[in-house]
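Engineer: Just passing along the structure, written as structure tokens.
The values are calculated or read from the model by the stated rules, or taken from the named source; none is laboratory data. Bear in mind that the values here come from a model prediction, so they are computed numbers and not experimental data. We place every Cβ from the backbone using ideal geometry, glycine too, and count neighbours over all the protein chains shown. We work out accessible area using only protein heavy atoms, side chains counted, and drop any ligands, DNA or RNA first. Shrake-Rupley method; radii C 1.70, N 1.55, O 1.52, S 1.80 Å.
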Amino acid sequence: MGKINWRRAAVALAIVPALGLAACSSEGGRAPAAGSDSNGGGEVASTERIKVALITHAAPGDTFWDIVRKGAEEAAAKDNIELQYLSDPDGGRQSQLVEQAVDQGVDGIALTLAKPDAMSGALQKAAAAGIPVVSLNAGENDFLDVGAFAHFGSDEELAGQAAGEKMEELGYSKPVCVIQEQGHVGLEARCAGVKEIVPDTEVLYVQGTDMTQVESTVTAKLQASRDVDVVIGLGAPFTMTILKAKETANSDAAVASFDMNQQLVDEIVAENIIFTVDQQPWLQGYLAVDSLWQNKRGGFTIGGGQATLTGPAIVDKEVAENIAEFAQEGIR
Amino acid sequence: MATTTTTAPAAGSKDERVAEKSLLAKLLGRPEIGALVGAIALFTFFAIVAPVFLAPSSMATVLYGASTIGIMAVGVSLLMIGGEFDLSTGVAVISSALSASLLSWYFGMNVWVGIIFALGVSLLIGFINGWILIRTQLPSFIVTLASFLMLTGLNLGLTRAIGGSVSSPSISQMDGFASAKAIFASSVTIGGIDVKVTVFIWLAMVVIASWVLMRTKIGNWIFAVGGDEKAARAVGVPVVRTKIGLFMAVGFCGWVLGMHNLFAFDTVQSGEGIGNEFLYIIAAVIGGCLLTGGYGSAIGGAIGAFIFGMANKGIVYAEWNPDWFKFFLGLMLLLATVVNIIVKKRAESSK
């Protein structure tokens, strides 16, 4: 195996495009011409151009944040805002991003407060510089303390309870809640919410950075506990993998989910997944950016000192059929 | 300058270097013996605390979990015997899967074109790692750390730029998907139990790697460059070709696993794979490979991966509190390496 001839590999690389001409796939590839302008089109606000920084704790490569970002971009396009998107999952480095935005003299900051204590120092600088701040996604209990004037997000525990109630209504009593990142406060809160309503809920930790390990661990769990009647995934890609694990384990447990993507919506329509709990991430991005524009426009604040809830919204078969086209567009 | 010194064998007695060793001494001299003992102990332990662990379907799941680590551990073990490290393996697996997926999706081509392209990408990543290492003489730790970071960025940046999202678009409806899935991500039914095809690929790769290592000239080269690079060069071992070849072998393993990821799950998330490089190294180290090179075996890496699979799944079958999983994993790594050292010293002193 150590004797791989790289020249041969290079030749193979050169031949590939030629092969490609004769090897077109008849379906399933990229759709030619992506269709309508995703930035909303329409008219742009006549207010002067301002600059807003959106700073999240997203780990690179999480589809959820794509949707948040699309919402923010659409609001920015409508409101004549130059949007700067930055993210870092590490609390300390996220706060440095906030400080950099302050140094750049942006006109508004929208940020997630996954680690509010880590942000407070940087946000004091923002306050001193007179930069308005809103928070989104995480931080519903802390946003006023750190100086944000509004918050847009879903309460994770409330979302968990909503899922629990829906499962109780459907007659499930032994759920397994699959957490893809051990020690993540929001994910733990979702499972805790489910457990409040359905006391027999069990938590299963899997390694979210490796789908093969997600599949084999869930398979193991379903083989070990045959009485499990529903498995809950806490993110769309993980739920899709749980579906495969269920097949492998030959289990007849139902599958439910949190969050959405296009494939998940298709599976709900096909009745392979019973429902998902959506926190409408597009709205979080859109409203956070738009509220900064409103604040600039007339000093408005939204929410009256309370967090503005963008969820939980239960999406079952009926709802899924109606929103399938938006999922395809990547905004649900 | 290399100088050769010869020591005369002790007069009268038979030369100890060609003396017949007892079977036990031979066994104790193998690099993977510590891991083997550990694997048997762990297997017995889980069989007692969680009877469901012994069910054939559970074994199939454990083996699947082990195979996805083990496929990479084959290449990583060889590389470590050759005295180098690769920290870019975890994300390189995803790079391979993404390049196959995005190429065939973007141009609407048969997925087999993407698969061949991905093989080229994987081998190229290995080649570049090895080539930079040779040209700069930097430690492989630094070189592959840099490629780890660059690949992480490329995975994310290119996926977003080409597919418009951070996960690759589903290619399950495209031509060639079914045949590729049959090869990389199907199941084989044995006695009513579905065993994933990765288990067989893994075992085949272990057999081939062991054969190369034990029975061919290339195997001798690998041990030689890992043991002492200067001495190896002095006796005419092609050090540059061996090292670059090893990195490319790791790339090949990454391609196999990447293709499995792609065809098992239809889409690939660009942020996946980070941190897995350590699991592959752990498997190789538990299996008796020395971090300094020149010592180890491919079977050892396989046993290391099997230990990881057993620990990972056994905790679930035993329905334990998983909060402690990482702690146990760390403890096992420590114990396995300590046992390795003790066994190795014993074996050497009894010669």
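Engineer: Which whole-Hz couplings ³J(HN,Hα) result when phi for each residue of the stretch B:268-278 is put into the Karplus expression 6.51 cos²θ - 1.76 cosθ + 1.60, θ = phi - 60°, listed in order with x for Gly and Pro?
Structural biologist: Values, residue by residue: 10, 8, 5, x, 6, x, 5, x, 5, 4, 6 Hz.
Engineer: To continue, here is another question. In peptide B:100-107, what is the residue-averaged number of other protein chain Cβ atoms found within 10 Å of each Cβ?
Structural biologist: Working: counts 0, 0, 1, 3, 7, 4, 2, 8.
The shielding value for this peptide is 3.
Engineer: Nearest 500 deg cm²/dmol is fine: what mean residue ellipticity at 222 nm does chain B get from its DSSP H runs of n ≥ 4 alone, each adding -39,500 (n - 2.57), divided by its residue count?
Structural biologist: Numbers: 14 runs with 245 residues, N = 351.
Helices in chain B give a 222 nm mean residue ellipticity of -23500 deg cm²/dmol.
Engineer: OK, next. Based on the mean of other Cβ atoms within 10 Å per residue, sort peptides A:185-198, A:229-242, B:86-99, A:291-304 so the most packed one is first. Walk me through the numbers on the way to the answer.
Structural biologist: Numbers: A:185-198: 20.4, A:229-242: 25.1, B:86-99: 30.6, A:291-304: 15.5.
Descending packing order for the listed peptides: B:86-99, A:229-242, A:185-198, A:291-304.
Engineer: In addition: Along the three principal axes, how long is the stretch A:156-278 when you take its alpha carbons, biggest first, rounded to the nearest angstrom?
Structural biologist: Sorted from largest, the Cα extents of the stretch A:156-278 read 32, 30, 30 Å.
Engineer: Still on this model: When N counts the residues of the stretch B:22-161, how does its alpha-carbon radius of gyration compare numerically with 2.2 N^0.38 Å, as a ratio?
Structural biologist: Details: Rg = 20.0 Å, N = 140, 2.2 N^0.38 = 14.4 Å.
Ratio of Rg to 2.2 N^0.38 Å for the stretch B:22-161: 1.39.
Engineer: Using only the Cα atoms of the stretch A:114-186, construct the convex hull and provide its projected area averaged over every direction, in square nanometres to one decimal.
Structural biologist: If you wrap the Cα atoms of the stretch A:114-186 in a convex hull and average its projections, you get 6.0 nm².
Engineer: To continue, here is another question. Rounded to a whole number of µm²/s, how large is the Stokes-Einstein D of the stretch B:102-199 at 20 °C and 1.002 mPa s, given Rh as the Kirkwood radius over C-alpha pairs?
Structural biologist: Working: Rh = 16.1 Å.
Once the numbers are plugged in, D ends up at 133 µm²/s.
Engineer: Per residue of B:120-130, count partner chain C-beta atoms within 10 Å of its C-beta, then hand back the mean as an integer.
Structural biologist: Values: counts 8, 2, 1, 8, 4, 0, 3, 4, 0, 0, 1.
Average neighbour count from other chains, rounded to a whole number: 3.
Engineer: What residues have an amide H closer than 5 Å to that of residue B:175, excluding those fewer than 5 places away on the same chain, when H is modeled at 1.01 Å from N in the peptide plane?
Structural biologist: A:26, A:27, B:111
Engineer: Hey, what do the phi angles of the stretch B:166-172 turn into as Karplus ³J(HN,Hα) couplings, whole Hz, using 6.51/-1.76/1.60 and θ = phi - 60°, x for Gly and Pro?
Structural biologist: 7, 10, 6, x, 5, 10, 5
Engineer: Quick one: check the C-alpha center-to-center distance for the stretch B:199-235 versus the stretch B:244-279, whole angstrom.
Structural biologist: Going from one Cα centre to the other spans 22 Å.
Engineer: Placing +1 on the Cβ of each Lys and Arg and -1 on the Cβ of each Asp and Glu in chain B, which of B:203, B:64, B:148 has its Cα farthest towards the positive end of the resulting dipole?
Structural biologist: Comparing the listed Cα positions along the dipole, B:203 ranks first.
Engineer: Now for a different question. With helices defined as uninterrupted DSSP H runs, which ones in chain A have an alpha carbon span along their own long axis of at least 15 Å and mean Kyte-Doolittle hydropathy of at least 0.0?
Structural biologist: Working: long enough: A:6-21 (24 Å, 1.34); A:63-78 (23 Å, -0.38); A:91-104 (20 Å, -0.94); A:116-128 (18 Å, 0.08); A:156-170 (21 Å, -0.72); A:185-197 (19 Å, 0.51); A:211-224 (20 Å, 0.03); A:236-248 (19 Å, 0.12); A:281-298 (26 Å, -0.63); A:317-329 (19 Å, -0.62).
Helix filter hits for chain A: A:6-21, A:116-128, A:185-197, A:211-224, A:236-248.
Engineer: Over the residues of the stretch B:90-144, compute the C-alpha Rg and express it relative to 2.2 N^0.38 Å. Write out the running numbers ahead of the final one.
Structural biologist: Numbers: Rg = 13.7 Å, N = 55, 2.2 N^0.38 = 10.1 Å.
Dividing the Cα Rg of the stretch B:90-144 by 2.2 N^0.38 Å gives 1.36.
Engineer: Which lysines have a Cα less than 19 Å from the Cα of residue B:217, not counting those fewer than 8 places away in the same chain?
Structural biologist: Within the straight-line cut-off, residue B:217 pairs with A:3, B:230, B:243.
Engineer: Starting from the coordinates of the alpha-carbon atoms of chain A, obtain the Kirkwood hydrodynamic radius over all distinct pairs and give the value in Å to one decimal.
Structural biologist: Values: mean 1/r = 0.0460 Å⁻¹.
Across chain A, the inverse of the average 1/r is 21.7 Å.
Engineer: Take A:168, B:84 and sort them by solvent-accessible surface of the protein heavy atoms, 1.4 Å probe, largest at the top.
Structural biologist: The ranking, largest first, comes out as A:168, B:84.
Engineer: Follow-up. One quarter of the convex hull surface, Cα atoms only: what value does that give for chain B in nm²?
Structural biologist: Numbers: hull surface 81.8 nm².
The orientation-averaged projected area of the Cα hull of chain B comes to 20.4 nm².
Engineer: Something else about it: Partner chain Cβ atoms within 10 Å, averaged over the residues of B:247-257 - can you pull that number for me? Please list the in-between numbers first.
Structural biologist: Numbers: counts 2, 7, 4, 1, 2, 3, 1, 0, 0, 0, 1.
Average per residue, whole number: 2.
Engineer: For every helix of n ≥ 4 consecutive DSSP H residues, a contribution of -39,500 (n - 2.57) applies; sum these over chain A, divide by its total residues, and give [θ] at 222 nm rounded to the nearest 500 deg cm²/dmol.
Structural biologist: Details: 11 runs with 153 residues, N = 332.
Rounded to the nearest 500, it is -15000 deg cm²/dmol.
Engineer: May I pose another question? Ballpark to the nearest 100 Å², how much total accessible area do B and A bury together, probe 1.4 Å?
Structural biologist: On the way: alone 17720 and 16890 Å², together 29720 Å².
In total, chains B and A hide about 4900 Å² from solvent.
Engineer: A further question on this structure: Going down the table (A:166/B:313; A:166/A:195; A:195/A:246; A:115/A:244; B:196/B:326), which pairs top 24 Å between alpha carbons? Mind showing how you got there, number by number?
Structural biologist: Numbers: A:166/B:313 30 Å; A:166/A:195 13 Å; A:195/A:246 22 Å; A:115/A:244 34 Å; B:196/B:326 26 Å.
Check vs 24 Å cut-off fails for A:166/B:313; A:115/A:244; B:196/B:326.
Engineer: While we're on this one: Please report the Cα spread of the protein assembly as shown along all three principal axes, rounded to whole Å, starting with the longest.
Structural biologist: Largest first, the protein assembly as shown extends 103, 56, 55 Å along its Cα principal axes.
Engineer: Given 25 °C and 0.890 mPa s, compute D for the stretch A:151-192 with the Stokes-Einstein relation, Rh being the Kirkwood radius over Cα pairs; round to the nearest whole µm²/s. Could you put the intermediate results ahead of the total?
Structural biologist: On the way: Rh = 11.1 Å.
My calculation gives 220 µm²/s for D.
Engineer: Could you provide, to the nearest whole Å², the per residue accessible area of the stretch B:145-270 with probe 1.4 Å? If you can, show how the numbers build up before the last one.
Structural biologist: On the way: 5200 Å² over 126 residues.
For the stretch B:145-270, the per-residue accessible area is 41 Å².
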